[in-house]
Amino acid sequence: MATLSFFGAAGTVTGSCSMLETDSGTFMVDCGMFQGNKTVRALNHQEFPFVPEQARFLLLTHAHIDHSGLLPKLVKAGFEGPIYATRPTVDLLEYMLLDSAKIQESNADRANRRRQRRGQDKVYPIYEEQDARKTLKMLQPVDYDEWFEPIKGVHVRYANAGHMLGSASIEVKFHDKETKNTMRLLFSGDLGPDEKVFHPEPGGEQGFDYIISESTYGDRNRDDYTLEKRREAIRKELVDGLARGGNVVIPCFAVERSQELLHDIGTLLANGDIPNTTVYLDSPLARKVTTVFIKYSHTLDDIEIDEEKLFKDKNFKLVESVDESKAIKHDKRGCIIISASGMADAGRIQHHLKNNIWKKEATILFVGYQAPGTTGHLITSGEKEIRIHGQNFKVKATIRRLGNYSAHADQQELLDWIIERGPVVGGLFLNHGDDDARAELRRLVAEKGWDIDKIYMPHFDESFELRAGSAKSKGRAPQRMDESVLQRDWFNDYAAFLIQLDDQLEDETNPEKRRELIAKLKSVLPKA
Ligand SMILES: [Zn+2]
């Protein structure tokens, strides 16, 4: 009997990683990085709760780092491949995994410098460049809509998921000895909205034993986001932002979102719809990824795209070196700065926030999902002060958020996609969503006549026996993480406490009172 396990993206949206054990062999779907607060990110350093060598191959739905980012770690831990992915995904990973390896190495270097000063032991990067290079060699490109057989008895077919360049839903068929049936499974991957620049809406087959569907926006319908309305919304934000007299800083994912923004801003500049200003793309990864988009521009689904002009404008400055990046702060004219990471918890965007967030005339414009506990989430939640690189910064800039850039299907689109893929015999698993989102989606699917007892919300590290007519939980692997810290962990509390303490000490002008406060706080600590 087949067993399906969820080793990530259960009750959360990051760290996608599933394993399917069948009579013919064991394989995996995705192996993504965890993103969020420090406790969630610490999972990236822990050992996998399964034996990587056991998996005979891996099916990758798309290139986003929360689906692909731990592949080099998997390889380092003994997985021998192959890894199947669409051609654009393979090309994107070429840049993304090497970039990620560099980030892991420099994070470890920075931590070690700090740890050395404190007399602590060295830490090691999650993986290094050599692991990423080894992983890239295991990639096997596949085409959409064509069946292939990675191991005898398991048949696989990729279908367009409309989420990003190369993204796919994956259909899997295999013979099950116990039920003497052919089992048909469908992994949604991340699903795109109906109307998205570059990509047609997601498709797929009908009638399955089990569907495993994402549920990111299971509790939300988005504002209208036709291409025209979206472009109008960003136009207004940029015009208003520049009119405040400062920079417009946009934390942005390097892959796809940066290209969408460049495409929209380029169009607005060409039409004279926004002021003639410099647009910095300060993300070496985004710059490289842009070349992959140009390579596949013939497959992009937008009639306005002219390959010669794509992502090119005299106002665009594609920043490469660290020195060039630092020099942006001397540009006093009011400019647009697009930089990664999209959740502002790493990368060059943190420097741009440090230079701008305390300025009244500046604007910070968020255009993507912010996972709980990330710097981006704290800022968009209205925190008045934040900590970056151990320093406090008052939030004086205008904070704006555009919801219509999402690469994800919203509630109605998810519901439609699921219902159109039906009927299901065994059941529906809802993963890749916060608990509220999937509970709401579950309720709505049940309202359409699906058996609510067969709509499962898997826990983190939970496994299920896939029986002929329904699934049965086999329980959870020994716990790696308490799900309650997903929203807020002790690091978040600690940072908030430090900010409050600093402010209190600063506001208190009487030195004796300051000493009293410190003595009082110290008195509750255990004796050193
Ligand atoms: Zn994605």
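The values are calculated or read from the model by the stated rules, or taken from the named source; none is laboratory data. Keep in mind it's a predicted model, so treat the numbers as computed, not measured. Positions of Cβ are generated from backbone atoms using ideal geometry, with glycine treated the same way; all protein chains shown enter the neighbour counts. Ligands, DNA and RNA are excluded from the accessible area calculation, which covers all protein heavy atoms including side chains. Shrake-Rupley method; radii C 1.70, N 1.55, O 1.52, S 1.80 Å.
Just to verify a number: FRET efficiency for Asn107 and Leu505, C-beta to C-beta distance, R0 = 25 Å, to 0.05? Walk me through the numbers on the way to the answer.
Numbers: r = 31 Å, r/R0 = 1.23.
My answer for the efficiency is 0.20.
Quickly estimate the mean residue ellipticity at 222 nm for the chain, helices only: each DSSP H run with n ≥ 4 gives -39500 (n - 2.57), and the total goes over all residues, rounded to 500. Intermediate values should be presented prior to the final figure.
On the way: 15 runs with 172 residues, N = 528.
It lands at -10000 deg cm²/dmol.
Can you tell which of Ile455, Thr277, Phe57 lies farthest toward the positive end of the dipole of the chain, using +1 and -1 charges on the Cβ of basic and acidic side chains (Lys, Arg; Asp, Glu)?
Most positive-ward Cα: Thr277.
Checking the a/c ratio against 1.5 first, then a/b against b/c, what shape does the Cα gyration tensor give for the stretch 487-528? Show your work: numbers first, answer last.
On the way: a/c = 4.53, a/b = 1.37, b/c = 3.32.
Cα axes put the stretch 487-528 in the oblate bin.
Pick out, from Leu378, Thr299, Ser341, the residue whose Cα sits farthest towards the positive end of the charge dipole of the stretch 227-401, with +1 on the Cβ of Lys and Arg and -1 on the Cβ of Asp and Glu.
Leu378
Using the crude model of +1 on Lys and Arg Cβ and -1 on Asp and Glu Cβ, and no other charge, please compute the dipole size for the chain relative to its Cα centre, in debye to 20. Intermediate values should be presented prior to the final figure.
On the way: 72 positive and 82 negative charges, 476 e Å.
My answer is approximately 2280 debye.
Carbon-plus-sulfur fraction of the accessible area of the stretch 227-401, 1.4 Å probe, in percent? Working shown, then result.
Values: 3870 of 7560 Å².
It is 51 percent, rounded to a whole number.
With a ≥ b ≥ c taken as the square roots of the eigenvalues of the C-alpha gyration tensor of the stretch 423-468, please select rounded if a/c is under 1.5 and otherwise prolate if a/b is larger than b/c or oblate if it is not? Don't skip to the answer; put the middle values down first.
Values: a/c = 2.69, a/b = 1.02, b/c = 2.65.
Because a/c hits 1.5 or more and a/b fails to exceed b/c, the stretch 423-468 counts as oblate.
Please give, to one decimal in nm, the separation of the simple spin-label points placed at Trp490 and Glu383, each 7 Å out from Cα toward the Cβ.
Going by the 7 Å Cα→Cβ label model, 1.8 nm.
What whole-number value in Å² describes the accessible area per residue of the chain for a 1.4 Å probe?
Details: 23710 Å² over 528 residues.
On a per-residue basis, the chain sits at 45 Å².
If you count, for each residue, the other Cβ atoms within 10 Å and average over each peptide, how do 357-370, 268-281 line up from highest to lowest?
Numbers: 357-370: 20.7, 268-281: 16.8.
Highest to lowest by the protection proxy: 357-370, 268-281.
Arg515 to Gln140: extension gain in nm, 0.36 nm per residue of separation minus the Cα-Cα distance?
Numbers: separation 375, 0.36 × 375 = 135.00 nm, distance 6.42 nm.
The span from Arg515 to Gln140 would gain 128.6 nm if fully extended.
Pairs Lys102/Lys314; Lys326/Lys359; Lys354/Lys384; Lys295/Lys329; Lys288/Lys329: which exceed 21 Å Cα-Cα?
Details: Lys102/Lys314 30 Å; Lys326/Lys359 17 Å; Lys354/Lys384 14 Å; Lys295/Lys329 33 Å; Lys288/Lys329 23 Å.
Where the Cα-Cα span goes over 21 Å, the pairs concerned are Lys102/Lys314; Lys295/Lys329; Lys288/Lys329.
Within the stretch 21-51, name every residue whose backbone N is under 15 Å away from a label modeled 7 Å from Cα of Tyr124 along the Cβ vector.
45-48
Which chymotrypsin sites (Phe, Trp or Tyr not before Pro) in the stretch 399-485 pass both tests, a DSSP loop state and at most 16 other beta-carbon atoms within 10 Å? Mind dumping the intermediate values first?
Working: sites: Tyr405, Trp417, Phe429, Trp450, Tyr456, Phe460, Phe464; in loops: Tyr405, Trp450, Phe460.
Nothing satisfies the criteria.
How tilted is helix 257-270 with respect to the longest principal axis of the chain? Cα atoms for both, answer in degrees (0 to 90, nearest 10).
The answer is roughly 60 degrees.
Could you tell me whether the stretch 361-424 comes out rounded, prolate or oblate from its Cα gyration tensor? Rule is a ≥ b ≥ c as square roots of the eigenvalues, rounded for a/c under 1.5, then prolate if a/b exceeds b/c, otherwise oblate.
Details: a/c = 4.80, a/b = 2.69, b/c = 1.79.
Taking the square roots of the gyration eigenvalues as a ≥ b ≥ c, the stretch 361-424 is prolate.
Given the Cα-Cα distance of Arg133 and Ile452 and 0.36 nm per residue of separation, how much length would full extension add, in nm?
Working: separation 319, 0.36 × 319 = 114.84 nm, distance 4.48 nm.
Answer, rounded to one decimal: 110.4 nm.
Report the antiparallel proportion of the DSSP beta bridges in the stretch 1-156 as a percent, rounded to a multiple of 5.
Working: 10 of 19 bridges.
Beta bridges within the stretch 1-156, antiparallel portion: roughly 55 percent.
Would you list Phe174, Phe497 from the most to the least accessible area, probe 1.4 Å?
Details: Phe174 0, Phe497 90 Å².
These residues rank, largest area first, as Phe497, Phe174.
Could you name the lysines whose alpha carbon sits less than 18 Å from that of Lys474, not counting residues in the same chain fewer than 8 places away?
Those lysines meeting the cut-off are Lys454.
Stick to the Cα atoms of the chain, pair each with every other, and give me the Kirkwood hydrodynamic radius in Å at one decimal. Before the final figure, lay out the partial values.
Details: mean 1/r = 0.0411 Å⁻¹.
Every distinct Cα pair counted, the radius reaches 24.4 Å.
Could you please state how large a percent of the accessible area of the stretch 51-170 is carbon and sulfur, counting protein chains only and using a 1.4 Å probe?
On the way: 2400 of 5520 Å².
Ligands and nucleic acids excluded, carbon and sulfur give 43 percent.
Pick out, from Ala2, Tyr405, Leu441, the residue whose Cα sits farthest towards the positive end of the charge dipole of the chain, with +1 on the Cβ of Lys and Arg and -1 on the Cβ of Asp and Glu.
Of the candidates, Tyr405 comes out farthest on the positive side.
Give the Cα extents of the stretch 227-401 along the principal axes, in whole Å, largest first.
Principal-axis extents of the stretch 227-401 (Cα, largest first): 46, 31, 29 Å.
Work out, step by step, the length gained on full extension between Arg114 and Leu498: first 0.36 nm times the residue separation, then minus their alpha carbon distance; give nm to one decimal.
Working: separation 384, 0.36 × 384 = 138.24 nm, distance 1.90 nm.
Once the chain is fully extended between Arg114 and Leu498, it gains 136.3 nm.
Using the beta-carbon distance between Lys326 and His175 and R0 = 51 Å, what value does 1/(1 + (r/R0)^6) give for FRET efficiency, to the nearest 0.05?
So, using R0 = 51 Å, E works out to roughly 0.30.
Under 12 Å from the Cα of Lys312, which aspartates and glutamates turn up, not counting those fewer than eight places away in the same chain?
Result set, ordered by chain and number: Asp264.
Dividing the alpha-carbon radius of gyration of the stretch 103-223 by 2.2 N^0.38 Å (N being the number of residues), what value is obtained? Each step should come with its number before you reach the end.
On the way: Rg = 21.0 Å, N = 121, 2.2 N^0.38 = 13.6 Å.
With N residues counted in the stretch 103-223, Rg over 2.2 N^0.38 Å equals 1.54.
Mind ranking 13-22, 239-248 by how tightly packed they are, going by the mean number of other C-beta atoms within 10 angstrom, highest first? Intermediate results must be reported in sequence, preceding the final value.
On the way: 13-22: 24.8, 239-248: 18.9.
Top to bottom by mean Cβ count within 10 Å: 13-22, 239-248.
What percent antiparallel are the DSSP beta bridges of the chain, to the nearest 5? Mind showing how you got there, number by number?
Working: 39 of 77 bridges.
So the antiparallel bridges in the chain amount to around 50 percent.
Any idea how far apart Lys295 and Lys152 come out in nm if each label point goes 7 Å out from Cα toward Cβ?
About 3.6 nm, to one decimal.
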